[in-house]
1. Only bridges whose two residues both fall in the protein assembly as shown count here: according to DSSP, what percent of them are antiparallel, nearest 5?
2. Let me see the pair-distance distribution of the range A:288-363: every alpha carbon pair, 10 Å bin width, integer percents in order.
3. Please report the carbon-and-sulfur percent of the accessible area for the protein assembly as shown; probe 1.4 Å, protein heavy atoms only, DNA, RNA and ligands left out.
4. Would you calculate the volume per residue, in Å³, of the smallest convex hull containing every Cα atom of the protein assembly as shown?
5. Charges on Cβ only, +1 for Lys and Arg, -1 for Asp and Glu, centred on the Cα centroid of the range A:1-108; of A:Gly97, A:Ala39, A:Thr74, which one is farthest towards the dipole's positive end?
6. Provide the FRET efficiency to the nearest 0.05 for the A:Leu84-A:Asp324 pair, computing r from the beta carbons and using R0 = 25 Å.
7. Top to bottom by accessible area (1.4 Å), largest first, where do B:His36, B:His9 land?
8. Taking the Cα centre of the range A:175-264 as origin, work out the dipole magnitude from +1 charges on Lys and Arg Cβ and -1 charges on Asp and Glu Cβ, in debye rounded to 20.
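The values are calculated or read from the model by the stated rules, or taken from the named source; none is laboratory data. Keep in mind the model is a prediction, meaning the values are calculated, not measured. Virtual Cβ from ideal backbone geometry, glycine too; neighbours counted across all protein chains shown. We work out accessible area using only protein heavy atoms, side chains counted, and drop any ligands, DNA or RNA first. Shrake-Rupley method; radii C 1.70, N 1.55, O 1.52, S 1.80 Å.
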Amino acid sequence: MSDVRDLSVAAGLAAIEARDLAAAEWADAYAGLPDELGAYLWRPDEPIGGEEGPLGGVPVAVKDIFCIEDVPTTAGSRILENYLPPYTATAVERLLGAGASVLGKTNMDEFAMGSSNENSAYGDVRNPWDTDRVPGGSSGGSAAAVAGGLAPCALGTDTGGSIRQPAAFCGVVGLKPTYGSISRSGMIAFASSLDQCGPFTRTVADAALLLRVMQGADPRDTTSTGIAAGVEMPSREDLSGVRVGVPRELASEAEGMEDGVREVMERTIALCESLGATVAETSLPNARYGISAYYVIAPAEASANLARYDGVRFGERVAAEGLDDMYELTRAAGFGPEVKRRIMLGTYALSSGYYDAYYGRAQRVRTLIARDFENAFADHDVLLTPTSPTVAFPLGSRTDDPLAMYMADYCTVPMSLAGVPAISIPGGLAAAPDGGPELPVGVQLVGPAFGETALLDAAHALESAIGFDTNAAWRGGADA
Amino acid sequence: MIDRKQVLHVARLARLRLDDEEVERMSAELSSILDHVETMAELDIEGVEPTSRVVDAENVMRADDVAASLPRDAALANAPDPASGSFRVPSPQA
């Protein structure tokens, strides 16, 4: 084979099976590669794990939000700069148990709050397609690692789009499974009713391979149910008989959608039809209120979850004479601007006199959005939208306007609120409105709760027809 | 509009010490975000039940079995100021 780094997870496993590749060589091909993108925050001297098993030898990069025993885990925050977890997250434990090998911990927006990775306390991550642009966020390091040839697959977390949007910006596959599919134990909490772990991969089949190992109920997370029906490997070659719905609020009527994204969507719809699908416009009438509901619910939950960073049991402390001064100075020094903004927003929304107007209302809007999806899935097997209204934007271009940054998640937040599974696959390339090289555009497929098998099957058929090269960025651009 | 006084009140509730510049910026940014959030007021939510989580599970129980827990040393290993097997903090009265 030309380069071990070309291998998808499935192809690498097949090469090991055929004795064309020794399991240890696979991770070794990635260990010690120069990381010019800033994708990793920490890499071990020797890859961790790599035993026999269904994923024996598969190298995986892990977002720095997952605890691994005695491995530095910062969640992109100064407040956890020297934290060494006493236990390992269930999702990582399951991968290690299946024989996977951890390549390192990847950069991220602080506590997963952000859409560009620019909120990391440890520096920016660069997009492998154009290093002056963001990789997306909050799982920016994981997306850049997979697209940049620094890992064949990675773990991320998605609260409002933090797997799907960076996957779209970096031209790889990103899956947010149904809420409850994979245990959240050991995954540092941001917004507990929304947080969900999922894989970044170069193919849809690889996403299925990782999901099959990670999914399942876990006594350490009582909201984890697993996918009762299991997850089958995708095998569909066409979309005959599949009813695809395109919700107009997140497609033709989406705010701020770039022309290039619109063109890729149109091509994708045509491709679905040529594969035998029936494509019809549909409606999620309340989806346009997703960002509003999300930016009450997620900060409200975050303000409660982040109360634990108080300089007492773990994390950094700023010394002071009195207890309250210690709390306030510790949190002022340990948290970055976006985390402070969200704690303030959430505390305000939950405070006396405002609770019903903000939090109570947002929870009811969440119900309306969840019902919209139920209604849409009565007539459609899968929904199709762009993953993000734009391609990757330049570093620094949105950091002064929090609301503009939040709009990057316009098309991904409604699925998180409803808890339904969604996958972003590369739909093609498009020019950015401000020039530069052509950049990847992600298309998002959405299925009903716990319908991962059918969702992955449809995504696999579409991916094959699109024929996007997810190795193009690190091999030297789209022309290579 | 969130004014300076409200920002300071919320910061106090959240145990966040903000400097003057942060207070100013927070006032402007929170106001702009909340303006957007308030578009939800257009929706009729009369009679709609709130959703706090999408999983139906309620009161998930387990058997009352004794299992190993985190040893004290491991629990204290990340503490900024462990003392006599405990977490030491400055006086609440200081």
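1. On the way: 34 of 49 bridges.
Rounded to the nearest five, the antiparallel share is 70 percent.
2. So the P(r) values, bin by bin, are 20, 42, 26, 11, 1.
3. 48 percent
4. On the way: hull volume 88.4 nm³, N = 574.
Spread over its residues, the Cα hull of the protein assembly as shown gives 154 Å³ apiece.
5. A:Thr74
6. 0.35
7. Numbers: B:His36 40, B:His9 110 Å².
Sorted by accessible area, descending: B:His9, B:His36.
8. 400 debye
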